[in-house]
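Coordinate-derived values only; no laboratory data. Being a predicted model, the structure only gives us computed values, none of them experimental. Note that each Cβ is placed from the backbone with ideal geometry, even for glycine, and that neighbours are counted across all protein chains shown.
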Amino acid sequence: MTDIPTDKLISAAERFLGKGEKALTKHERLVLEQSIGRRALSQDASVIFDDKSTFGQRLADGVASFGGSWTFLIIFGVVLLIWVGLNLGLSQSAPDPYPFIFLNLLLSMLAAVQAPVIMMSQNRQAAKDRMVTSHDYECNLKAEIEIMALHDKVDRMRDGDLKALLEKQQEQIDLLTRLLKSHLGEAPAPGESS
């Protein structure tokens, strides 16, 4: 937990979120604490997520990135063309004559290995997207709370200014009333000062 007083947290939770302290989610509590403490909430969720990844997860991302690139497709296409060309050109002494059974075996093994690795990478990307979305929610919630706090502050300032303006107007009305009475020659009423 942080050093934010509980009464401030409860007050902010009720004022801005309409919830009691016990009803706050961990994200809402974090955002309120950051807002009350005037601390930044923004951070690069991608960097944080990548810093926590294991070697296997980084490897899966690398394989998926390379396996889904034009570089891979071009190299793979060239290797297939060379393989087929050599085996057709060597005809009788070809190591893998038509219908290229060994090539089919290699392609099946590649697909069998590559598919789960790509799925692992996609699962990591989905988890990363959830983390980024959660962080975006926290930042948006903090922005809303800050805007509501600014509205409250502006409202208090406006109320104070209106009160001071009304007091000033009343003083001016009293002064004008006394001036008018003195100009017309009337004596001030009892209790009025001249």
On the principal axes of its Cα set, how long, how wide and how thick is the chain? Give whole Å, largest value first.
134, 38, 22
Can you work out ³J(HN,Hα) from phi for every residue in segment 113-119, in order, using Karplus 6.51 cos²θ - 1.76 cosθ + 1.60 and θ = phi - 60°, giving whole Hz and x for Gly and Pro?
8, 5, 4, x, 5, 5, 5
Can you work out the FRET efficiency for the pair residue 84 and residue 140, with r the C-beta to C-beta distance and R0 = 45 Å, to the nearest 0.05?
0.25
Pick out, in residue order, every one of the chymotrypsin sites (Phe, Trp or Tyr not before Pro) in segment 43-123 that is DSSP loop and has at most 11 other C-beta atoms within 10 Å; say none if there are none.
none
I'd like the FRET efficiency for residue 27 and residue 115, computed as 1/(1 + (r/R0)^6) with the beta carbon distance as r and R0 of 41 Å, rounded to 0.05.
0.70
Note the angle between two axes, namely the Cα long axis of helix 70-89 and the longest principal axis of the Cα atoms of the chain, as a number of degrees from 0 to 90, rounded to the nearest 10.
10 degrees
For the charge dipole of the chain, defined by +1 on Lys and Arg C-beta atoms and -1 on Asp and Glu C-beta atoms about the Cα centroid, which residue among 84, 97, 131 has the Cα displaced farthest towards the positive pole?
97
For the chain, set up a GNM with springs between Cα atoms under 10 Å and report which of 74, 173, 145 has the largest fluctuation.
173
Would you compute, from DSSP H runs of 4+ residues alone, the mean residue ellipticity of the chain at 222 nm, taking -39500 (n - 2.57) per run and dividing by the full residue count, rounded to the nearest 500?
-26000 deg cm²/dmol
Any chance you could count the Lys pairs in the chain whose alpha carbons are under 18 Å apart, treating pairs 8 or more apart or on different chains as valid?
10
Lys, Arg +1 and Asp, Glu -1 on Cβ, resulting dipole of the chain about Cα centre, debye, nearest 20
380 debye
Return the distance in nm (one decimal) between the two label points of a simple spin-label model at residue 58 and residue 181, each offset 7 Å from Cα along Cα→Cβ.
8.7 nm
Computed lengthening from residue 8 to residue 150, 0.36 nm per intervening residue step minus Cα-Cα distance:
49.5 nm
How do 30, 141 line up, fewest other C-beta atoms within 10 Å first?
30, 141
At a Förster distance of 22 Å, what's the computed FRET efficiency of residue 44 paired with residue 126, Cβ-Cβ distance as r, to 0.05?
0.75
Which order do peptides 126-133, 92-99 fall in by mean Cβ count within 10 Å, highest first?
126-133, 92-99
Got a sec? How would 117, 31 order by Cβ neighbour count within 10 Å, fewest to most?
117, 31
If each of residue 157 and residue 170 carries a label point 7 Å out from its Cα toward its Cβ, how far apart are those two points in nm?
2.5 nm
